[in-house]
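Quick notes on the structure that follows.
The values are calculated or read from the model by the stated rules, or taken from the named source; none is laboratory data. The structure presented is a predicted model; accordingly, all values stated were derived computationally and were not measured. SASA here: full protein model, heavy atoms, side chains in, ligands and nucleic acids out. Shrake-Rupley method; radii C 1.70, N 1.55, O 1.52, S 1.80 Å.
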Amino acid sequence: MLPRLAEIEKDLPLRRKRAQEEHWLGEVEGIDSTLTFLRAKQVEAARLARRPTANLGIPRPLPEEIQ
């Protein structure tokens, strides 16, 4: 997920520059919002990537006498 978010972030400044040059003010505002949310998502994804995983084991069917 983090590499994909970085790829998206890399493209947005170019789109923002073009929107400014074309005076597409709504587009500039939308890109700014996207960048804000994207950066928050990157922080969240990095935090989740650092969390340890729990080994739950492999589920096994119950013995016949317990069912």
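Taking the helices alone, the chain has a mean residue ellipticity at 222 nm of -24000 deg cm²/dmol, built from -39,500 (n - 2.57) per DSSP H run of at least 4 residues and averaged over all its residues. Summarised in one figure, the compactness ratio Rg/Rh of the chain, Cα atoms and Kirkwood Rh, is 1.44. Rounded to the nearest 10 degrees, the angle from helix 25-50 to the longest Cα principal axis of the chain is 30 degrees.
The mean accessible area for residues of the chain, using a 1.4 Å probe and ignoring ligands and nucleic acids, is 91 Å² per residue. Angle of helix 2-21 to the longest C-alpha principal axis of the chain, folded into 0 to 90 degrees and rounded to 10: 20°. Surface composition of the chain: carbon plus sulfur atoms contribute 57% of the solvent-accessible area (1.4 Å probe, protein chains only, all chains present).
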